[in-house]
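The values are calculated or read from the model by the stated rules, or taken from the named source; none is laboratory data. Just so it is clear, the model here is predicted, and its values are computed rather than measured. Glycine also receives a Cβ, built like all others from the backbone with ideal geometry; neighbour counts cover every protein chain displayed.
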Amino acid sequence: MVKQRTLSIIKPDATKRNLADAINTKIKEGGLNIVARKDMQLTQDQAGSFYEVHKERPFYGELVEFMTSGPVVVQVLEGEDAVAKYREVMGDTDPANAAPGTIRAEYAENIGANSVHGSDSEENAKIEIGFFFDETELAG
Ligand code: GDP
């Protein structure tokens, strides 16, 4: 099995409720290691370009507003099959459909304020990691 990396963001609804530690416990229980972390407040420009792929979707404006509404925790996760594994640990986008025990089932407020982001493919993971981290921050 090959080690893979994926990008996770703990979203403002979760940081506001002090859930970062609880979410990181679930991430580690899922067999993923946290190899880099940045606590930050996203600007409108950063959130807008990070979610550029959703630009045409009706919730884009709401999503950018939400992602800039409070602090976020941006992390690189590493492990076997990390992209798929983290999608599993997060649960469905809509918490109403998320499997019991997943982060979104336990903590998400609704389909928008759903506590976490995770890359959806290995290719996007590389792009998203590069959006927040440079090589020197990811050494080792
Ligand atoms: P993800 O890969 O599971 O995060 O889901 P998507 O790529 O489909 O959507 C990206 C993010 O946009 C989601 O995590 C939500 O925060 C937000 N989002 C998706 N669908 C909706 C929606 O119907 N309404 C709102 N307000 N936000 C949404």
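Can you pull out every residue in region 78-96 that is farther than 14 Å from S121 by Cβ and away from the ligand (no atom under 14 Å from the Cβ)?
E78, G79, E80, listed by residue number.
Is it the case that A108 is near the ligand (Cβ under 8 Å from one of its atoms), under 22 Å from Q41 (Cβ atoms) and modelled with pLDDT of 95 or more?
Against the criterion (near the ligand (Cβ under 8 Å from one of its atoms), under 22 Å from Q41 (Cβ atoms) and modelled with pLDDT of 95 or more), A108 does not qualify.
Looking only at region 101-126, count every residue that is touching a strand residue (DSSP E or B) at 6+ places or on another chain (Cβ under 9 Å) and farther than 24 Å from S69 by Cβ and tell me the total.
3
Select from region 71-81 the residues that are part of a strand (DSSP E or B) and among the acidic types (D, E) and write down the one among them that is nearest to the chain's Cα centre (by Cα). Before the answer, list the steps.
Taking region 71-81 and keeping what is part of a strand (DSSP E or B), we get 72-80.
Subsequent filtering for residues that are among the acidic types (D, E) retains 78, 80.
Values: E78: 13, E80: 18 Å.
The residue in question is E78.
Which of the residues spanning region 82-105 are buried (at least 16 other Cβ atoms within 10 Å of the Cβ), assigned to a helix (DSSP H, G or I) and free of Cβ contacts under 8 Å to residues at least 24 places away in the same chain?
P95, R104, A105
For a quick check of your reading of the model, give me the residue pairs whose first member lies in region 47-70 and is touching a residue at least 12 places away in the same chain (Cβ under 8 Å) and part of a helix (DSSP H, G or I), whose second is of a type outside the set (S, T, Y) and within 9 Å of the ligand (Cβ to nearest atom), with beta-carbon atoms closer than 7 Å and at least 6 apart or on different chains.
A47/M67; E62/G112; L63/H54; L63/G112; F66/G112; F66/A113; M67/K11
Identify, by number, the condition in (1) away from the ligand (no atom under 14 Å from the Cβ); (2) within 18 Å of L7 (Cβ to Cβ); (3) of a type in the set (D, E) that E52 doesn't meet.
(1)
Need the failing condition index for A98 against (1) farther than 26 Å from S49 by Cα; (2) touching a strand residue (DSSP E or B) at 6+ places or on another chain (Cβ under 7 Å), just the number.
All conditions pass for A98, except number (2).
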